[in-house]
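Report on the structure given below.
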Amino acid sequence: MAVAIWAACLALVWAVGLVLERAGAVITYGGAPPFVGHVRLRVSGGTVVAVLVATLVVVRGPAFARSARWGVLLLAGWVTTAAFAVALATTDGWDALTAPLRGEHDYLGVVPVVREAPGVFVRTFTERALDYPIHVRGHPPGFPLLLAGMDRVGLGGAGWAAALVIGVGTSAVVAVAITVRALGGAPGQDVVRRALPAVVLAPAALWLATTGDAFFAGVLAWGIALLALASTRDRAWPWALAAGLVLGLCPFLSYGLLPMGALTLVVGVSTRRWVPTLLAGCVVLASAGAWAVAGFWLPDGIAVTHLASSLGRAADRPYVYFVVADLLLLGVLVGPAAVGGLTGLSRLPQEARLLVVVALGAALMGALSGVERGEVERIWLPLACWVVPAAAVLASDRRWLVAQAATTVVLQVVLVSAW
């Protein structure tokens, strides 16, 4: 019933969006509201490969997830997620893997400038932000600096950038699994084993290949995973230090990761050990101080981004429409198995349940804030990976895996996304 209501509301929001667009209201780019993109039916060899991967996961995934050794399971989950995401993207040809990163509004356009003078780029970022491409001005300077550093060591260009994004983005599957097991013990591991096939098949795979937000999702997930390990190990400080270093990158990759960082509090609440979280927090603050010394003050960057968004087309998108549409799009990212699984959330262990609830709360606050009006199919990838384990409630029934896979493949076949 919950899935039927969600699907009906999604169809209604699509119809209302078309009416609003025809009336002159600004909704999204491409004419497929609330998605960014347009509708066009196409099938290719990549689609066939994606269907074969999905079929393998549906048929063999549950039994494999129950019986495989833990390390083998995590590696298989990572590889299969990456294979599924790449196969889906190549429905539009191999160039589709790098096309989003090569767009005029993306990060690679500023790499030559950053490569020549990274220090100047950081010091002058806020005053020159409005001169940069849309995604650069809408984010902190961390990701362009990373791409420029890769370019300096011979790993430049869209191909290497796509490999980085897909590799780190799909590894979030592993990081979330490690976190749930570390916090929940044997019951947490059981949640991972039951949910993993549905996680692999979730429609979020459509945007893992290839958008920078997939990379951000992976970094945040690994920061939380390291913090969970720190809080469940006798020798906590090396893990806490590593967690702080990774989490310290997050505010300088995407401003949106700041409220999503509330997920780190689940670790302390679950383990009742706050010293590792405090130690990691000190490292995060030290990281922010280092960026300030280098010339980038985070509050100034946020202010410039708000200014840029007020001047852009997204500022004219209707607020109420996107409060509803964005939350429905989160359901798209996690798929019908997770949407249905949310109705049985009380059957999950407390630790897994807290992660799901906090991720949902962060999404709700983002929607209500009015800052994220659309494009959440990429922006909320860092949250979706923490909601989709709710599928553990239903994933033992293979019919839900079929629904999960079918939703993902059908969306890829009919929706041409900008990412």
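For every residue, the table says whether it meets (1) crowded, with 24+ Cβ neighbours inside 10 Å; (2) touching a strand residue (DSSP E or B) at 6+ places or on another chain (Cβ under 7 Å); (3) not in a helix (DSSP H, G or I).
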position: 193; (1), (2), (3): no, no, no
position: 210; (1), (2), (3): yes, no, yes
position: 216; (1), (2), (3): yes, no, no
position: 222; (1), (2), (3): no, no, no
position: 238; (1), (2), (3): no, no, no
position: 243; (1), (2), (3): yes, no, no
position: 255; (1), (2), (3): no, no, yes
position: 283; (1), (2), (3): no, no, no
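Given (1) surrounded by fewer than 17 Cβ atoms within 10 Å (Cβ to Cβ); (2) under 24 Å from the mean Cα position of the chain (by Cα); (3) under 26 Å from residue 124 (Cβ atoms); (4) at pLDDT 95 or above, identify the lone condition not met by residue 290.
Among (1) surrounded by fewer than 17 Cβ atoms within 10 Å (Cβ to Cβ); (2) under 24 Å from the mean Cα position of the chain (by Cα); (3) under 26 Å from residue 124 (Cβ atoms); (4) at pLDDT 95 or above, the lone unmet condition for residue 290 is (2).
Look through the range 4-48, keep the residues that are assigned to a helix (DSSP H, G or I) and touching a Phe, Trp or Tyr at 6+ places or on another chain (Cβ under 9 Å), and return whichever of them is nearest to residue 90 (Cα to Cα).
By that ranking, first place goes to 46.
How many residues, within the range 40-89, are crowded, with 17+ Cβ neighbours inside 10 Å, closer than 18 Å to residue 163 by Cβ and under 20 Å from the mean Cα position of the chain (by Cα)?
Number satisfying all stated conditions: 11.
Against the definition (assigned to a helix (DSSP H, G or I), of a type outside the set (A, V, I, L, M) and surrounded by 24 or more Cβ atoms within 10 Å (Cβ to Cβ)), how does residue 197 come out, yes or no? Spell out the reasoning first.
Values: assigned to a helix (DSSP H, G or I): yes; of a type outside the set (A, V, I, L, M): yes; surrounded by 24 or more Cβ atoms within 10 Å (Cβ to Cβ): yes.
Taking the combined requirement at face value, the residue satisfies it.
Output the residue which, of all residues in the range 298-322 that are charged (D, E, K, R) and part of a helix (DSSP H, G or I), is modelled with the lowest pLDDT. Walk me through it before giving the result.
Residues of the range 298-322 that are charged (D, E, K, R), as a first pass: 300, 313, 316-317.
Among the residues that remain, those that are also part of a helix (DSSP H, G or I) are: 300, 313, 316.
Values: 300: 93, 313: 63, 316: 75.
Only one residue tops the list, namely 313.
List pairs: first in the range 197-209 and modelled with pLDDT of 95 or more, second basic (Lys, Arg), Cβ under 8 Å, 6+ apart or cross-chain?
Every condition considered, the pairs that remain are 207/378.
Select from the range 91-109 the residues that are surrounded by fewer than 20 Cβ atoms within 10 Å (Cβ to Cβ), touching a helix residue (DSSP H, G or I) at 6+ places or on another chain (Cβ under 6 Å) and assigned to a helix (DSSP H, G or I) and list them in ascending order. Give the derivation first.
Going through the range 91-109, the residues surrounded by fewer than 20 Cβ atoms within 10 Å (Cβ to Cβ) turn out to be 92-95, 99, 102-105, 109.
Of the ones still in play, those that are also touching a helix residue (DSSP H, G or I) at 6+ places or on another chain (Cβ under 6 Å) are 102, 105.
The answer is 102, and nothing else.
So is residue 405 farther than 22 Å from residue 225 by Cβ, more than 18 Å from the chain's Cα centre (by Cα) and crowded, with 23+ Cβ neighbours inside 10 Å or not?
Numbers: farther than 22 Å from residue 225 by Cβ: yes; more than 18 Å from the chain's Cα centre (by Cα): yes; crowded, with 23+ Cβ neighbours inside 10 Å: yes.
So residue 405 fits the description; yes.
What pairs come out if I take residues in the range 154-169 that are at positive phi and pair them with residues that are outside any helix (DSSP H, G or I) and surrounded by fewer than 21 Cβ atoms within 10 Å (Cβ to Cβ) whose C-beta lies under 8 Å away, six or more apart or interchain?
Correct list of pairs: empty, since none qualify.
Of all the residues that make up the range 361-402, how many are part of a helix (DSSP H, G or I) and either among the hydrophobic types (A, V, I, L, M, F, W, C) or crowded, with 20+ Cβ neighbours inside 10 Å (or both)?
Result for the range 361-402: 27.
The values are calculated or read from the model by the stated rules, or taken from the named source; none is laboratory data. This one's a predicted model, so the numbers in the text were calculated from it and none came from an experiment. Neighbour counts run over all protein chains shown; Cβ positions are idealised from the backbone, glycine included.
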